[in-house]
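Beneath this line is the structure, given in structure tokens, with notes to follow.
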Amino acid sequence: GLFCNHLIPDVLAVPVTENGWSVLTLGEQMLVRQDTFKGIQGEQAWLLPTLGHFTSQQEAPVVITNYAGIDLSAMPNITVSDAPLELPMHVLAKEAMSSSFNLLQGEYKVKRTRNNAWTQWRVAAVLAVLVLCTSLVDKTVTLYQLKSENAALTSEIDQAVKSGFPNIGVYRNVKLKLQYELNKLSKSGGDASMLVMLDQLSEAFASTQVKPQTLRFDATRTEIRIQAQGKSFEALEQFRRQAEGAGFTVEQGAINNRDDNVIGTVSIRSVL
């Protein structure tokens, strides 16, 4: 019932000796590692004489690391290095753990078993990730659109403010700056502020359909100077009469035709 994902020959679990052999015994069996990927295994009774026949034919002595603790003095033409005695399986286990070689290759390669629980929840997890990604993309697009709309609205507000207050100067908070300018207008000229005068003239503008093209307020004279546009001379004249009827002093300047309208300069002064 054991499952393994790493399988190596027993002789390759014996520690390797550089330019030599390594010897280890398991009961009556002897394991001899002769190189990185070379070794032999067999019963000690016949394998030792076989190895002795081989070493006797070598020109130089064969270096042998002895992990078995057995007597190798009868073997000719060898140099023995006795390793510290440890349990054979302990020696084999340490070498096997460090080995990168694996017999389980090709058609014998380990096929990982899948987690059934993960298989059941995989579709749900993928769908959850897709929903999350879609939501993030949607929110990113929405945020980009809102930023673009906010930038366009800010530009329109700046244009409108500079059109109504050409000399407003630099500001950071348009709301506070406009409130400051309106307060300044409402307090200038005593009881006859610009806002009060425009409120009193609203009916005259509406009934005559005269529209101010430009507007300037002189606080010291409590006077509004406008370049007024009307449909006819009679419209400007009617506006003058209504403004005077509302208690203002009105002085008209030059009046000129422009396309289908007339343009005239009008000064409106409060008598308060």
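The values are calculated or read from the model by the stated rules, or taken from the named source; none is laboratory data. Computed from a prediction, not measured in an experiment: that's the story for all the values here. In this analysis, Cβ positions are derived from the backbone assuming ideal geometry, glycine residues included, and neighbour counts consider all displayed protein chains.
Would you pick out the residues in the range 217-260 that are within 60 Å of the chain's Cα centre (by Cα) and surrounded by 16 or more Cβ atoms within 10 Å (Cβ to Cβ)?
217, 222, 223, 224, 225, 226, 228, 229, 230
Restricting to the range 241-268, name every residue that is modelled with pLDDT of 85 or more and among the basic types (Lys, Arg).
Correct list: 241 only.
For the condition hydroxyl-bearing (Ser, Thr, Tyr) and surrounded by 11 or more Cβ atoms within 10 Å (Cβ to Cβ), what is the one hit in 148, 99?
Working: 148 fails: surrounded by 11 or more Cβ atoms within 10 Å (Cβ to Cβ).
Unique residue meeting the criteria: 99.
Tell me, which strands (runs of 3 or more DSSP E) lie completely within the range 26-124 with 1 or more residues that are more than 15 Å from residue 8 (Cβ to Cβ) and without any contact (Cβ under 8 Å) to a residue 12 or more places away in the chain? Full working, then the answer.
Numbers: elements: 29-35, 38-43, 62-66, 78-82.
So the answer is none; nothing clears 1.
Conditions (1) part of a helix (DSSP H, G or I); (2) assigned by TED's automatic domain parsing to the domain that holds residue 259; (3) among the aliphatic types (A, V, I, L, M), marked per residue:
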site	(1), (2), (3)
205	yes, yes, no
216	no, yes, no
220	no, yes, no
226	no, yes, yes
244	yes, yes, no
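Condition check ((1) of a type in the set (S, T, N, Q); (2) more than 30 Å from residue 104 (Cβ to Cβ); (3) in the same structural domain as residue 103 (by TED's automatic domain parsing)) across all residues:
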| position | (1), (2), (3) |
| --- | --- |
| 15 | no, no, yes |
| 24 | no, no, yes |
| 28 | no, no, yes |
| 35 | no, no, yes |
| 38 | no, no, yes |
| 42 | no, no, yes |
| 45 | no, yes, yes |
| 51 | no, yes, yes |
| 56 | yes, yes, yes |
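Which of the residues spanning the range 228-242 are touching a residue at least 12 places away in the same chain (Cβ under 8 Å) and either in a loop (DSSP other than H, G, I, E, B) or of a type in the set (Lys, Arg) (or both)?
Result: 231, 232, 240.
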